[in-house]
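One structure is given below, encoded as structure tokens.
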Amino acid sequence: MGRVQVIGVGMIRFGRDVRRGERAMVEEVVDLALKDAGITASDVQRVFSGNAAAGLVSGQEMIRGQVALQGTGLAGVPLVNVENACASSSSAAGLAFEAVLSGRCDVALVIGVEKLSHTEKSRAFDALRGATDVSAVSPAADGPATSSVFVDVYAQEARKYLAEYGATAADLAAVAVKNRRHASLNPLAQFQKPQTVEEVLAGRVIVDPLTLPMCSPTTDGAAAAVLCSENYAQRLGQAGCAVRATRLAAGAGPGSQPVAAAAGAAFDDAGLGPDDLDVLELHDAAAPAEILQYADIGLCAPGEGHLLLRSGATALGGRLPVNVSGGLLSRGHPIGATGCAQLVEIYDQLTGRAGGRQVEGARVGMAVNAGGWLAGTYAAAVATILEKVA
């Protein structure tokens with residue numbers, strides 16, 4: 001039935017602004033994506049809107065996408081709201097891909113949006129706690145959350161990795177330094193000021209061994225992408241990027257590896273492997289996550305992620321640059337928008353418009369987005385491979 005292509009994207013600068021609502025962010029990124037694709041709202045036949053936390057942060061439930069788009073040219077276009085923890089908008093992109101691939105529509109719009117800043121800071125933390133099994137929360141932890149539950153999760157993973165493989169806290173700091181250096185070249189990143197390993201290690205300890213710069217921030221943001229059939233793209237005269245594969249995997253309890261499963265399935269679908277990638281966006285919600293995911297997708301053997309990092313291979317200019325956008329650590333992590341933001345970065349890299357952070361000659365890129373935590377692993381993971389259309 002032909003390929004599915006991405007022909008336009010839009011994204012705003014990530015950050016924190018309690019005054020700016022989701023509707024304003026959505027309207028801006030949708031307008032950017034449609035203009036980039038060279039189409040209008042009347043050309044869109046399906047909308048898939050990813051959001052994870054609005055129900056708990058703002059109180060808007062059930063019809064979040066419809067509310068955000070009311071009063072625009074997209075009001076009345078069939079829309080599906082997608083909630084899948086931090087993997088919400090990458091899951092939305094997967095549904096859009098399937099809708100176009102099946103022939104149900106020629107043009108689908110994907111939106112990812114999240115507003116985590118609020119005058120009551122506990123609302124964002126309560127939402128994040130909801131991405132875990134709340135029935136397992138001890139009675140002592142009942143009541144408003146005062147920090148992200150995921151910091152404890154990643155700190156535990158970090159301590160285990162450091163103990164088993166001889167890595168050090170400086171390796172964790174090096175992830176944050178690398179990604180901040182990349183973010184300094186990204187005008188849409190939340191944090192752009194370079195930092196040193198010493199500064200990261202001297203940061204406020206959140207949960208040992210993680211300091212504040214090793215943890216992704218609370219972020220507001222939105223991103224959008226236009227997917228269409230190959231025939232439609234050709235009629236429009238838009239090349240863009242082909243979606244070679246997108247795969248969703250679910251955690252199945254202790255020992256399961258949804259990131260590895262999603263990435264492996266995507267590689268199989270595309271007929272590619274890790275060595276074929278030119279650029280990669282990973283889900284670095286905390287510094288140890290990036291190091292662990294190197295092995296999950298096959299860049300190195302288990303326990304060698306910190307060695308790969310030390311070699312410089314995953315930095316801009318290395319063999320396979322990772323998180324050239326700045327990643328979740330520095331671009332920011334508006335949870336429901338993160339997956340779509342990763343796709344925006346890969347699209348910009350493959351179409352040669354990433355500016356000072358451009359990976360020279362990039363033709364194939366992958367985005368890996370994970371979400372939730374259940375029984376010792378991610379609850380969901382999505383891996384998407386894009387390839388530049390010749």
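The values are calculated or read from the model by the stated rules, or taken from the named source; none is laboratory data. Everything numeric in this text was worked out from a predicted model, so none of it was measured. Cβ sites come from the backbone with ideal geometry, for glycine too, and all protein chains shown count toward neighbours. The protein model used for the area step is the full one, side chains on, heavy atoms only, and it has no ligands, DNA or RNA in it. Shrake-Rupley method; radii C 1.70, N 1.55, O 1.52, S 1.80 Å.
List of remarks:
- Qualifying residue in the stretch 130-142 (condition: open to solvent by 30 Å² or more (accessible area, probe 1.4 Å), charged (D, E, K, R), out of contact with any strand residue (DSSP E or B) (no Cβ under 6 Å at 6 or more places or on another chain) and over 30 Å from residue 64 (Cα atoms)): no
- Residue in the stretch 193-212 that is least open to solvent (accessible area, probe 1.4 Å), counting only those that are outside any helix (DSSP H, G or I) and without any contact (Cβ under 8 Å) to a residue 12 or more places away in the chain: 203
- Residue 275 meets all of the listed conditions (1) touching a Lys or Arg at 6+ places or on another chain (Cβ under 6 Å); (2) more than 28 Å from residue 34 (Cβ to Cβ) but one, namely (1).
- Filter result for residue 235 (under 22 Å from the mean Cα position of the chain (by Cα), open to solvent by 30 Å² or more (accessible area, probe 1.4 Å) and among the charged types (D, E, K, R)): no
- Members of the stretch 263-298 found to be assigned to a loop (DSSP other than H, G, I, E, B), at negative phi and either more than 16 Å from the chain's Cα centre (by Cα) or modelled with pLDDT under 95 (or both), listed by number: 272, 273, 277, 278
- Screening the candidates 315, 301 for the property of being in a loop (DSSP other than H, G, I, E, B) and surrounded by fewer than 18 Cβ atoms within 10 Å (Cβ to Cβ) yields one hit, 301.
- Residues being modelled with pLDDT under 95, open to solvent by less than 10 Å² (accessible area, probe 1.4 Å) and not hydrophobic (A, V, I, L, M, F, W, C) - total across the stretch 71-124: 1
- Candidates in the stretch 1-34 are the residues that are among the hydrophobic types (A, V, I, L, M, F, W, C) and open to solvent by 40 Å² or more (accessible area, probe 1.4 Å); of these, the one that is modelled with the lowest pLDDT is 1.
- Matching residues in the stretch 306-338 - criterion: being in contact (Cβ under 8 Å) with a residue 40 or more places away in the chain, more than 20 Å from residue 364 (Cα to Cα) and not β-branched (Val, Ile, Thr): 306, 309, 310, 328, 329, 330, 331, 332, 333, 334, 336, 337
Conditions (1) within 23 Å of residue 353 (Cβ to Cβ); (2) open to solvent by less than 20 Å² (accessible area, probe 1.4 Å); (3) assigned to a strand (DSSP E or B), marked per residue:
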position: 226; (1), (2), (3): yes, yes, yes
position: 244; (1), (2), (3): yes, no, yes
position: 254; (1), (2), (3): no, no, no
position: 260; (1), (2), (3): no, no, no
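- Tabulated pairs, the stretch 35-63, first surrounded by fewer than 19 Cβ atoms within 10 Å (Cβ to Cβ), second acidic (Asp, Glu) and at pLDDT 95 or above, C-beta under 7 angstrom, 6+ apart or interchain: 45/106; 55/61
- Set 301, 270, 263: member being hydrophobic (A, V, I, L, M, F, W, C) and within 20 Å of residue 374 (Cα to Cα): 263
- Restricting 240, 203, 251 to those that are under 13 Å from residue 5 (Cα atoms) and touching a strand residue (DSSP E or B) at 6+ places or on another chain (Cβ under 6 Å) reduces the list to 240.
- Boolean, residue 148 is polar (S, T, N, Q), in contact (Cβ under 8 Å) with a residue 40 or more places away in the chain and open to solvent by 10 Å² or more (accessible area, probe 1.4 Å): yes
Yes/no matrix, rows are residues, columns are (1) crowded, with 20+ Cβ neighbours inside 10 Å; (2) within 17 Å of residue 325 (Cα to Cα); (3) within 20 Å of the chain's Cα centre (by Cα); (4) at pLDDT 95 or above:
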position	(1), (2), (3), (4)
155	yes, no, no, yes
163	no, no, no, yes
168	no, no, no, yes
173	yes, no, no, yes
179	yes, yes, yes, yes
187	no, yes, yes, yes
191	yes, yes, yes, yes
